[in-house]
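Coordinate-derived values only; no laboratory data. These numbers come from a predicted model, not from an experiment. Cβ: placed from backbone, ideal geometry, glycine included. Neighbour counts: every protein chain shown.
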Amino acid sequence: MRSGTLIRVAVKSILKNKMRTLLTMLGIIIGVGAVIVMVAIGLGAQSQIEKQIQNLGTNMLVVTPGSSSSGGVSHGAGSLNRLTLDDAEAIERESLLVSAVSPVIMTFGHLVGGTGNWRAPCYGVNTDYQYIRDWPVASGRFFDEADIRAMRKVVVLGKTVADQLFPDTDPVGLRVQLRHVPVQIIGVLAEKGQTADGNDQDDVVFAPYTTVKNRLSGRSFIAQILASTSSPDDIPAAQEELALIMRDSHELAAWEEDDFTVRNQTELAEAAESTTEVMTLLLAAIAGISLLVGGIGIMNIMLVSVTERTREIGIRMAIGARGRDVLTQFLVESIVMSILGGAIGIGVGFAGASIIGRFTGWATTISPETVIVALVFSAAVGIFFGYYPARKAAALDPIEALRYE
Amino acid sequence: MDNGTVIRTEGITRHYRLGTTTVKALAGIDFSVVKGEMIAIMGASGSGKSTLMNILGCLDSPTSGTYELEGIRVDGMSRDQLADIRNRKIGFVFQVFNLLARTSALENVELPLLYDRSGRKLDSRKLAAEALERVGLADRMDHEPSELSGGQQQRVAIARALVSQPPIILADEPTGNLDSGTTLEILDLFKDLNNQGITVLLVTHEQEVAAVTRRVIKLRDGRIVSDSPTGNSQPLVAGRACS
């Protein structure tokens, strides 16, 4: 039989029993739909995280007070705080690959002013910080070298802080109290959004590091030193260079381990991505199981169909159908059913992903690869689960089949 | 061997194994059929006529013996080869019509042509329509079997048997499910087809059906017990059809 005729015959016989066909396809529809939705959610989360990692800054390297270990016992990152401003200066002075460096002095700032008061992390940084984080101001300006040298009492607010204290006005030029010290707001930063782990990056106050260190009361420490290279290709080399400079600056002997950690953005990203990759795989696996169940549904119905149509098979054989013709006919039927179910499932998946995206606010991404894989997979399910019943049909004895009541 | 010989069998046997016993459904059948003959094969149930029919129709293979169809040895052929022989050389008509349900008359008749593997270009629609015209159902082509009377269904089945222009038509109790009026119509149709040169073998146990043929073969216990002309008019000359 020609392939056109085969498909026409298959479609006709599928349409003869619409309700049953629909129920059979339902398994595949749900399976494929679930795969599409689940993978869309997983990929959406992944691309969200990628975006957030990009959002951290440009070609960024982070030096944090590192884990020291004694006698094989690790004290964990930050157990010894040994970052100093000298370290930052040493990097700035000696590094050939790093084009921008900023210490990040961390303290908590209690702000009073505007409509009330607000507690937010306060970071003392230098002018490079804005470049490293790639973080423009929404209004006003970031502080400059002169502000830093003069230890001026100026602050730049993150968007959340500005919204909390000055919901209706542009606070640039206004004064607030930061830890009981009156400071002037010179700028508000653009919105940066959440970090991969859900922290609001805009809930922050920036001040010149000199000001934080010398003019604000209270404890402060250098939480990290940020640096960036001008080209992403330089990052691995810069990472090693920073480590050498840091060891030198900390006067570590050869046998001593690093008491700091230098990480780059990719490493930060990898940790987050591996989590979502596992999640995507898990979701796809669960959805895949439902596709498998759908396939078993097809096999079940095809077996019933072969029994029910034994006489038809006998007639076809009597008038000259070979075993292969019968096999192909039933196989094409199950493939047509599973592909049709797959196509509908893709539509359901698209709809489901967009509905879930709308109601939960999760990002969903449907890639063309997902669609193709889903279609190929459902066709494969049709072949795999249709083959056994089709073979059973093809192996029937024409005389027995004709006699079947 | 005469060139006009369509069927020639020699010592055909067919044994079935039922547990430990062997049932000899056919115990050596020898006969020949010449092109253009119209033959009735008669016998009580259990006489082996259905088994013989299945073997002549290439649905089954003999346990031993030779069967030549148009000079070609058919016994011992593979399943696929037998399917091709059935497709090209044999038209089946069954007692229970055996049409595909929910499928139009035209599509039912077209079916054998869809399995044609000879490679020739066929306008299957047109040929099927012509076959239906030949059996007088030109106006029922789009009807499904459930919308047709028994006689009409059997006509569709006959059209299906005709459509690939086989040298023989095998009819297994073709009037067994029809009333006497319709039986006559269907028998007339077979006579017409036979007059047009088609070899017809009818399996029947009804005397009046056998009466329209020109030769009756009687079976009992898997053997031919009689093979005689009925003395009907219009005897055919071997190999030449007259109408």
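Summary table
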{"read-out": "Single match in A:T328, A:T365, A:T307 (criterion: surrounded by fewer than 21 Cβ atoms within 10 Å (Cβ to Cβ), part of a loop (DSSP other than H, G, I, E, B) and not hydrophobic (A, V, I, L, M, F, W, C))", "value": "A:T365"}
{"read-out": "Considering residues of the stretch A:119-153 that are of a type in the set (G, A, S) and in a strand (DSSP E or B) only, the residue surrounded by the most Cβ atoms within 10 Å (Cβ to Cβ)", "value": "A:G124"}
{"read-out": "The stretch B:74-87, subset buried (at least 18 other Cβ atoms within 10 Å of the Cβ) and more than 15 Å from B:D30 (Cβ to Cβ), residue farthest from the other protein chains (Cβ to nearest Cβ)", "value": "B:V74"}
{"read-out": "Matching option when the condition is away from chain A (no Cβ under 14 Å), surrounded by fewer than 23 Cβ atoms within 10 Å (Cβ to Cβ), of a type in the set (G, A, S) and touching a residue at least 40 places away in the same chain (Cβ under 8 Å), among B:G71, B:G19", "value": "B:G71"}
{"read-out": "Filter result (without any contact (Cβ under 8 Å) to a residue 24 or more places away in the chain and either within 22 Å of A:A318 (Cβ to Cβ) or crowded, with 16+ Cβ neighbours inside 10 Å (or both)) within the stretch B:169-183", "value": "none"}
{"read-out": "Matching option when the condition is over 28 Å from B:G57 (Cα atoms) and within 14 Å of chain B (Cβ to nearest Cβ), among A:V332, A:V326", "value": "A:V332"}
{"read-out": "Checklist (1) within 30 Å of A:C122 (Cα to Cα); (2) surrounded by 17 or more Cβ atoms within 10 Å (Cβ to Cβ) applied to A:E240, failing item", "value": "(2)"}
{"read-out": "Checking A:I315 against (1) over 30 Å from B:P112 (Cα atoms); (2) among the β-branched types (V, I, T); (3) in contact (Cβ under 8 Å) with a residue 24 or more places away in the chain, the condition it does not meet", "value": "(1)"}
{"read-out": "Residues that are more than 18 Å from B:G151 (Cα to Cα) and acidic (D, E), drawn from the stretch B:187-232", "value": "B:D221, B:D227"}
